[in-house]
Amino acid sequence: MAGVIDRLRAAILPTAFALVLLLAWQALVVIFQYPKVVLPSPTDIFHALVANFGTICQQAVPTTRDTLAGFLLATMLGVGIASLLCFSRLLRDMVYPLVILLQLVPKIAWTPLFIVWAGIGSPARLTIATFIAFFPIFISMMAGLEATDRSLVRLSTSLTATTWRTFWLVRLPASMPYLFAGLKIGVTLAVIGVIVAEFISSSEGLGYLILKSSALLQTDLILAAIVVLCLLGVGFYGLVHAGERAIHRWQGE
């Protein structure tokens with residue numbers, strides 16, 4: 001019973017707070033009569049969402065596609081490279097500092113270069129999303145592998161387990177909490193990467209729709225697209241969280 005109450009509380013409190021903010025926003029716009037182009041009310045945004053629902057859904061498709069593809073590619077690269085480095089101290093000492101060095105450069109600085117390399121369109125968006133989402137996933141996986149209980153590793157080795165078997169049965173399961181923490185950050189960064197790429201070089205996607213609406217001073221449509229973008233981000237985060245819960249159940253936790 002206590003668990004059900006906690007889950008309801010976790011859902012009801014933020015929903016109630018959001019409703020209070022929306023009501024305050026609506027009252028502020030009505031009382032001070034802000035022009036729609038400056039600050040549309042929540043009802044104006046809702047009407048824009050309904051009126052342009054088909055267009056917004058159409059533009060959400062490439063954004064969703066490129067975000068998921070970039071996130072999956074970043075996950076494969078981050079987990080794969082981190083796993084590879086844990087097998088070789090020499091390789092880790094060579095590669096790890098370079099990854100950190102690349103991370104220190106602002107991500108937006110790489111965007112024009114990726115556009116030159118990958119061209120305008122989906123390949124550039126995919127490249128930027130992968131690059132931005134890669135680092136937290138890689139770092140989290142490295143941290144998880146290095147945080148494995150050394151006594152368990154020694155026990156596995158004493159039982160004549162191979163390095164690969166020790167990795168599969170001991171180190172990889174122990175790294176899951178760290179990995180999913182990185183995945184939750186990575187999936188949100190993948191959304192940001194795609195939107196940034198759509199701002200710079202794209203003729204489709206929610207980022208392109210936001211930029212086009214800004215040029216036409218359609219503030220209500222901008223916010224409607226942002227609402228859909230927020231819902232997509234929450235959905236992606238929820239998928240990662242569901243995967244984490246499934247892994248915990250599989251591990252018997």
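The table that follows gives values for the structure above.
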| read-out | value |
| --- | --- |
| Exposure proxy order (Cβ contacts within 10 Å, fewest to most) of Leu72, Leu231 | Leu231, Leu72 |
| Within the chain: Cβ-based charge dipole about Cα centre, in debye rounded to nearest 20 (Lys, Arg +1; Asp, Glu -1) | 560 |
| Candidate lysines - alpha carbon under 21 Å from Lys36, same-chain residues fewer than 8 apart omitted | Lys212 |
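Read the figures in this text as sums done on the coordinates, not as results from a lab. Values in this document were obtained by computation on a predicted structure and should not be read as measured data. A quick note on method: Cβ atoms are made from the backbone with ideal geometry, for glycine too, and the neighbour counts reach across all protein chains shown.
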